[in-house]
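Novice: Questions regarding the structure given below will be posed in turn.
The values are calculated or read from the model by the stated rules, or taken from the named source; none is laboratory data. This is a predicted model, so every value here is computed, not measured. Ideal geometry is used to build each Cβ from the backbone, glycine not excepted, and the neighbour counts take in all protein chains shown.
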Amino acid sequence: MGKLPTKMPDNWNWEIHNLNAYADKKKAFAEGRITLAELQEFENQYRESEEQRELRWKREHVLQELALENAQNFRSFKENGKAFARKMFDMGRGISKWWYTKPQKLAGKGKMVQHPITGTWQQEYKPNKSMNMKAWLAAADQGKVMPHMNPTGQSLNRQPTEQ
């Protein structure tokens, strides 16, 4: 499929508006009741204007060209979706910056992954260190767990206060 021309060619045909009368004139010319000059005069009198001719050409060819380009874009999207999405993102069309660019990690060690269907970013859960329940409870008594929430290192095994 080649690229169609975007400029109207000079030899693009003219269209006659009064089609029933034109058919009658052609029939009369074929039978010999009118001359060729009369038929051509009728054609010049009832043909479309230059503007109408150009609009008709655009309607038939430019829209066809756009449909061809859309088909090629869809094919390239199916073959290599990431490259196509990147191209659309760079052009600023249809793809949000927040969907395409990977956000910074919020906290922790888990990497940022994109949901395959919705495209939302989320951080994988990956604990900084792992212990079994008994070891965690023993460390909680000494205040050695969750240092980001307990900077003073107080024991977590205590009664709630009034505050």
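Novice: Given (1) of a type in the set (Val, Ile, Thr); (2) at pLDDT 80 or above; (3) surrounded by 13 or more Cβ atoms within 10 Å (Cβ to Cβ), identify the lone condition not met by residue 16.
Specialist: Unmet condition: (2).
Novice: With the requirement that a residue be of a type outside the set (Lys, Arg), surrounded by fewer than 10 Cβ atoms within 10 Å (Cβ to Cβ) and modelled with pLDDT of 85 or more, what does segment 120-152 give you?
Specialist: Matches in segment 120-152: 132, 133, 151, 152.
Novice: Moving on to the next point. Which of the residues belonging to segment 107-162 are among the hydroxyl-bearing types (Ser, Thr, Tyr) and under 23 Å from residue 97 (Cβ atoms)?
Specialist: Correct list: 118, 120.
Novice: Still on this structure, please answer the following. Might you check whether a residue that is among the aliphatic types (A, V, I, L, M), without any contact (Cβ under 8 Å) to a residue 12 or more places away in the chain and surrounded by 10 or more Cβ atoms within 10 Å (Cβ to Cβ) occurs anywhere in segment 153-161?
Specialist: Taking every residue of segment 153-161 in turn, none turns out to be among the aliphatic types (A, V, I, L, M), without any contact (Cβ under 8 Å) to a residue 12 or more places away in the chain and surrounded by 10 or more Cβ atoms within 10 Å (Cβ to Cβ).
Novice: Oh, and also: Would you check which residues across segment 105-163 are charged (D, E, K, R), over 30 Å from residue 82 (Cα atoms) and assigned to a loop (DSSP other than H, G, I, E, B) and list them?
Specialist: 129, 144, 158, 162
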